[in-house]
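What follows is a short report on a single structure.
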Amino acid sequence: MFSKETYQTRRAQLKKSVGSGLLLFLGNDACGVNYADNTYHFRQDSTFLYYFGLPYEGLTAIIDIDADKEVIFGDELSIDHIVWMGTQPTLKEKSELIGVTHTEPAKAVAAYLKQATAQKQTIHYLPPYRAEHQLKLMEWLGISLGAITASVPFIKAVVNQRNYKSAEEIAEIEIACNTTADMHETAMRMARAGMKESEVAAKLTEIALATSGELSFPVIATINGQTLHNHYHGNTMQNGDLFLVDAGAETAMGYCGDMSSTMPIGGKFSTRQKEIYDISIAAHEAAVSALRPGIAFEAVYDLSARTIVEGMKALGFMRGDADEAVQAGAHALFFPTGLGHMMGLDVHDMENLGEVYVGYDGKPKSTLFGRKSLRLARPLEAGFVHTIEPGIYFIPELIDLWKAEKRFAEFINYDKVVTYKDFGGIRNEEDFLITPAGCRILGRAIPKTTDEVEAIMA
């Protein structure tokens, strides 16, 4: 946890931003995998962590702006809990650590909200992303599932705080990024023909847990990198495969790292692998070179996409004007993803609050295939932390569909593209902080060029 003053300052700023009403924070509960006592790893809600810092299950918090009152609701451990789980600080002791002096039993939330409703006080809450949150809101507020409507002023106020990382947050993210770098360098050193993908995934998980942290998301370790979020680990790697790893560590305080790397099994890129890989790296470096306060991230995406188009033109996969191809969306055959996303207490920071607020500052998103996957588009500002992760993917089903429809035939040479349907996918990802003067990488830089990757795999 950070200091008590950090959480008090955050809450004071939030109260000033929203102005009036009651702010309801739904902490997370334990969730059973296949029966109640066999639970998934517990992870506290990130916004609850940001303002209250308490990584314990079964808590709810209220900031009553009108009454200038902050309350933590929860139950003390019974002797049965202590026998099985060990002891914990009392609710009062936990709350005092973050500067909250008023505590109530968990069941008292309903009465507090009922009184607020009777007094016609506005009750603000964030978008619920768990069924338990929805059920609580329905019970406590006496509303139906369809009537659950998150507070836009609350969302905007949270986003406008959490988007700007403080020095102590950046230091914590850097810890996560350095562990993440360890994970990727380990994958490069150990990935060999005859190994299962699962062996690499297991080792990366071990590294994350050994730091007293967790994974920031389930490991992607696959020879089928053309499947963007591939969590299957059952394949055996063979010489000549491209092996894509997307993995990150989370610190004990909940801050995340997120990196991707792509490596050749056998230790050497083939000629065609190197040609495509180098285009992806050129797109990556073009994006990084443009990062600075004031530039719209969508413009950085366009630069990265144009770099990919120009590279694919040189190899005979595409033709025509690169700017026109990108604006039409033709590049999305190879680059159907966004370029990056905010990162902090969530690996996709505040994704549950809505990309339109986090990454677009309230402006509407594009509906165009490829561009609609851009999670971040707004002008960059000092204090933002985000990823850069362009990629090039040969997705057989997408190639077949677009070829049959003759989609973007003026830009795409399908005769050549279809000969690469077995290629797979490439992605390299790093984490950046926007500084007043430009940007800096967070964590240790991992091998990225073909020479660097081949050297560490030797």
Practice problem: Please indicate, with yes or no, whether at least one residue in region 11-21 is touching a strand residue (DSSP E or B) at 6+ places or on another chain (Cβ under 8 Å) and under 23 Å from Gln134 (Cα atoms). | Solution: yes
Exercise. Being closer than 26 Å to Asp241 by Cβ and in contact with a Pro (Cβ under 7 Å, 6 or more places away or on another chain) is the filter here, so list the residues in region 417-454 that pass it.
Key: Lys421, Val453
Quiz item: So, in region 412-458, of the ones that are out of contact with any helix residue (DSSP H, G or I) (no Cβ under 9 Å at 6 or more places or on another chain), hydrophobic (A, V, I, L, M, F, W, C) and more than 28 Å from Val385 (Cβ to Cβ), which residue ends up most open to solvent (accessible area, probe 1.4 Å)?
Solution: Ala458
Practice problem: Working carefully through the options Thr103, Thr117, Thr9, find the one that is among the β-branched types (Val, Ile, Thr), without any contact (Cβ under 8 Å) to a residue 12 or more places away in the chain and open to solvent by 40 Å² or more (accessible area, probe 1.4 Å). | Solution: Thr9
Practice problem: State all residues of region 151-175 that are closer than 18 Å to Glu351 by Cβ, of a type in the set (A, V, I, L, M) and out of contact with any Phe, Trp or Tyr (no Cβ under 6 Å at 6 or more places or on another chain); if no residue qualifies, say none. | Solution: Val152, Ala157, Val158
Quiz item: List, please: which pairs have Cβ atoms under 7 Å, are six or more places apart or on different chains, and start with a residue in region 194-216 that is part of a helix (DSSP H, G or I) and end with one that is charged (D, E, K, R)?
Solution: Ile207/Asp182; Ala208/Glu214
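Starting from residues that are in a loop (DSSP other than H, G, I, E, B), out of contact with any Gly (no Cβ under 8 Å at 6 or more places or on another chain) and in contact (Cβ under 8 Å) with a residue 40 or more places away in the chain, keep the ones in region 313-337 and report whichever is nearest to Trp402 (Cα to Cα). Let's see the steps before the verdict.
So in region 313-337, the residues in a loop (DSSP other than H, G, I, E, B) come out as 315-317, 319-321, 329, 334-337.
Checking the rest, the ones that are also out of contact with any Gly (no Cβ under 8 Å at 6 or more places or on another chain) come to 315-317, 319-321, 334.
From the residues that got through so far, the ones that are in contact (Cβ under 8 Å) with a residue 40 or more places away in the chain too are 315-317, 319-320, 334.
Details: Leu315: 20, Gly316: 17, Phe317: 14, Arg319: 16, Gly320: 17, Phe334: 12 Å.
By that ranking, first place goes to Phe334.
Quickly run through region 27-81 and pick out the residues that are of a type in the set (D, E, K, R), open to solvent by 30 Å² or more (accessible area, probe 1.4 Å), outside any strand (DSSP E or B) and more than 17 Å from Glu93 (Cα to Cα). It would help to see each step written out before you state the result.
Our first condition is that a residue be of a type in the set (D, E, K, R); within region 27-81, this holds for 29, 37, 43, 45, 57, 64, 66, 68-70, 75-76, 80.
This time we only want the ones that are open to solvent by 30 Å² or more (accessible area, probe 1.4 Å), so: 29, 37, 43, 57, 66, 68-70, 75-76, 80.
Within this subset, residues satisfying the condition of being outside any strand (DSSP E or B) are 29, 37, 43, 57, 66, 68, 75-76, 80.
Within region 27-81, Asp29, Asp37, Arg43, Asp66, Asp68, Asp80 meet the criteria.
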Quiz item: So, in region 365-406, of the ones that are assigned to a loop (DSSP other than H, G, I, E, B) and free of Cβ contacts under 8 Å to residues at least 12 places away in the same chain, which residue ends up surrounded by the fewest Cβ atoms within 10 Å (Cβ to Cβ)?
Solution: Thr367
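Counting only residues that are of a type in the set (Ser, Thr, Tyr) and open to solvent by less than 20 Å² (accessible area, probe 1.4 Å), which one in region 267-309 is nearest to Thr450 (Cα to Cα)? Steps first, answer last, please.
Start the filter on region 267-309 by keeping residues that are of a type in the set (Ser, Thr, Tyr), which leaves 270-271, 277, 280, 289, 301, 304, 307.
With open to solvent by less than 20 Å² (accessible area, probe 1.4 Å) added as a condition, the list becomes 277, 280, 301, 304.
Numbers: Tyr277: 8, Ser280: 11, Tyr301: 23, Ser304: 19 Å.
Here the residue is Tyr277.
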Practice problem: Select from region 255-266 the residues that are part of a loop (DSSP other than H, G, I, E, B) and in contact with a Phe, Trp or Tyr (Cβ under 9 Å, 6 or more places away or on another chain) and write down the one among them that is surrounded by the most Cβ atoms within 10 Å (Cβ to Cβ). | Solution: Asp258
Exercise. Determine the pairs where a residue that is open to solvent by 10 Å² or more (accessible area, probe 1.4 Å), located within region 240-253, has a partner that is part of a loop (DSSP other than H, G, I, E, B) and of a type outside the set (Gly, Ala, Ser) with Cβ atoms under 6 Å apart, the partner being 6 or more residues away or on another chain.
Key: Asp241/Ile223; Asp241/Ile265
Quiz prompt | Sole exception among (1) within 24 Å of Gly213 (Cα to Cα); (2) touching a residue at least 12 places away in the same chain (Cβ under 8 Å); (3) out of contact with any Phe, Trp or Tyr (no Cβ under 9 Å at 6 or more places or on another chain) for Gln88, by number | solution = (3)
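Just wondering, is there one or more residues in region 40-59 that are without any contact (Cβ under 8 Å) to a residue 12 or more places away in the chain and over 25 Å from Val152 (Cα atoms)?
Step one: list which residues in region 40-59 are without any contact (Cβ under 8 Å) to a residue 12 or more places away in the chain, which gives 40.
Within this subset, residues satisfying the condition of being over 25 Å from Val152 (Cα atoms) are 40.
Yes, there is a match, as at least one residue in region 40-59 is without any contact (Cβ under 8 Å) to a residue 12 or more places away in the chain and over 25 Å from Val152 (Cα atoms).
If you check Glu174 against the conditions, is it open to solvent by less than 20 Å² (accessible area, probe 1.4 Å), of a type outside the set (S, T, N, Q), in a helix (DSSP H, G or I) and touching a residue at least 60 places away in the same chain (Cβ under 8 Å)? Before the answer, list the steps.
Values: open to solvent by less than 20 Å² (accessible area, probe 1.4 Å): no; of a type outside the set (S, T, N, Q): yes; in a helix (DSSP H, G or I): yes; touching a residue at least 60 places away in the same chain (Cβ under 8 Å): yes.
So Glu174 fails the test.
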Quiz item: Applying the selection to region 12-26, what residues are surrounded by 15 or more Cβ atoms within 10 Å (Cβ to Cβ), aliphatic (A, V, I, L, M) and in a helix (DSSP H, G or I)?
Solution: Leu14, Val18
Practice problem: Exactly one condition in (1) closer than 26 Å to Leu209 by Cβ; (2) open to solvent by 40 Å² or more (accessible area, probe 1.4 Å); (3) within 26 Å of the chain's Cα centre (by Cα); (4) in contact (Cβ under 8 Å) with a residue 60 or more places away in the chain is not met by Lys156; state its number. | Solution: (1)
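The values are calculated or read from the model by the stated rules, or taken from the named source; none is laboratory data. Not measured: the values here are computed from a predicted model. Ideal geometry is used to build each Cβ from the backbone, glycine not excepted, and the neighbour counts take in all protein chains shown. Remember, those area values only see protein heavy atoms, side chains included, never the ligands or the DNA or RNA. Shrake-Rupley method; radii C 1.70, N 1.55, O 1.52, S 1.80 Å.
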